[in-house]
Structures are given as structure tokens and as C-alpha cells.
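Data block below; observations after.
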Amino acid sequence: MIKRKVAIDIKRIIADEEMTEMERLAAAFGFATESFIAQSGRDLELARAMGDEETAVKEQIKSNVMLSAREIFEFCYLNVTGSRRSIWHEQDAS
């Protein structure tokens with residue numbers, strides 16, 4: 001169910017003609033990765049609550065890998081577009 005909702009939301013982002021293709025790509029990637037990180041966080045909390053440290057470590061690693069992927073994407077995005085502001089600024093503020 002969550003994957004379906006994420007897919008629907010991504011399609012909505014992609015259909016937004018008020019953004020450029022690059023902006024839509026960044027927004028879709030940002031939404032998908034933020035959703036993944038949020039789910040990993042929930043899975044991490046569940047594993048810790050159940051005392052499953054092995055799964056907790058795996059979830060923490062998954063989340064950190066996705067955060068690294070976002071950093072790489074942002075680096076490339078900023079270099080391609082010449083922008084100086086974070087593309088994840090709305091998530092950074094929270």
C-alpha cells in the first residue's frame with residue numbers, strides 16, 4: 001500500500017508542468033528517497049522495540065546509504081544547474 005501511494009505521488013510530481021524537467025526529477029527523487037528513509041526509520045524503531053539489534057543495524061545502514069545517495073544527487077544537481085541552494089531545503093528545515 002505504501003509503495004502504491006508513493007508511486008501515485010511521484011506521478012503527480014512528474015505531471016506538474018509548472019516545474020522544469022530537472023526540477024521534477026529532483027522533486028520525484030527527493031520524495032521517493034525521503035519516503036524510503038521515513039520507512040527505514042519506522043522499521044528501525046520497531047526492530048529496537050522488539051530487541052532485534054541485527055535488524056536495527058541493517059535499517060540504520062539502509063537509511064544512511066539513502067542519505068548518501070541524496071547527497072550525491074544534490075551535488076550533481078547543483079553542479080548541473082549552477083544553483084547554490086539546497087534542493088532538500090524543506091526537509092533540512094524539519
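Numbers at a glance
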| read-out | value |
| --- | --- |
| Test: S63 is open to solvent by less than 80 Å² (accessible area, probe 1.4 Å) and free of Cβ contacts under 8 Å to residues at least 24 places away in the same chain | no |
| Some residue of region 74-85 being modelled with pLDDT under 95 and open to solvent by less than 40 Å² (accessible area, probe 1.4 Å) | yes |
| Selection within region 1-51 - within 20 Å of S83 (Cα to Cα), of a type in the set (A, V, I, L, M) and open to solvent by 60 Å² or more (accessible area, probe 1.4 Å) | M22, L25 |
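Okay, residues lined up against (1) within 12 Å of the chain's Cα centre (by Cα); (2) more than 25 Å from A27 (Cβ to Cβ):
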| site | (1), (2) |
| --- | --- |
| L46 | no, yes |
| T55 | no, yes |
| R70 | yes, no |
| F75 | no, no |
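The values are calculated or read from the model by the stated rules, or taken from the named source; none is laboratory data. This is a predicted model, so every value here is computed, not measured. FYI the Cβ positions are ideal-geometry reconstructions off the backbone, even for glycines, and counts take in every protein chain you see. Side chains are part of the model used for accessible areas, which takes the heavy atoms of the whole protein and leaves out ligands, DNA and RNA. Shrake-Rupley method; radii C 1.70, N 1.55, O 1.52, S 1.80 Å.
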